[in-house]
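Report on the structure given below.
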């Protein structure tokens with residue numbers, strides 16, 4: 001059994017709703033992973049600041065997204 005073929009077979013058998021739920025779960029996992037790594041390196045911070053830091057990691061390389069993130073009102077003094 002080829003793992004890649006089996007994976008493709010199982011994904012192909014999913015409904016659209018299952019694929020969307022799976023993608024959302026993977027996105028949530030990656031966002032949570034980023035939050036944990038940010039807290040591990042920068043220490044405790046407010047939830048608002050953490051959301052901003054996660055957004056910077058995920059979208060900060062896109063100039064348009066970066067401008068929006070930079071306009072995000074967050075008290076970064078905590």
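Checked against (1) at positive phi; (2) modelled with pLDDT under 95, residue 43 passes all but condition (2). Scanning segment 43-70 for residues that are part of a loop (DSSP other than H, G, I, E, B) and under 17 Å from residue 30 (Cβ atoms) gives 60, 61, 62.
Candidates 62, 48: the one that is surrounded by 10 or more Cβ atoms within 10 Å (Cβ to Cβ) and either modelled with pLDDT under 95 or in contact with a strand residue (DSSP E or B) (Cβ under 7 Å, 6 or more places away or on another chain) (or both) is 48.
Scanning segment 1-23 for residues that are in a helix (DSSP H, G or I) and either in contact (Cβ under 8 Å) with a residue 60 or more places away in the chain or surrounded by 10 or more Cβ atoms within 10 Å (Cβ to Cβ) (or both) yields a count of 11.
The values are calculated or read from the model by the stated rules, or taken from the named source; none is laboratory data. Just so we're clear, the structure is a prediction, and the values are computed from it rather than from any experiment. For neighbour counting, all protein chains shown are included, and Cβ atoms are generated from backbone atoms with ideal geometry for every residue, glycine included.
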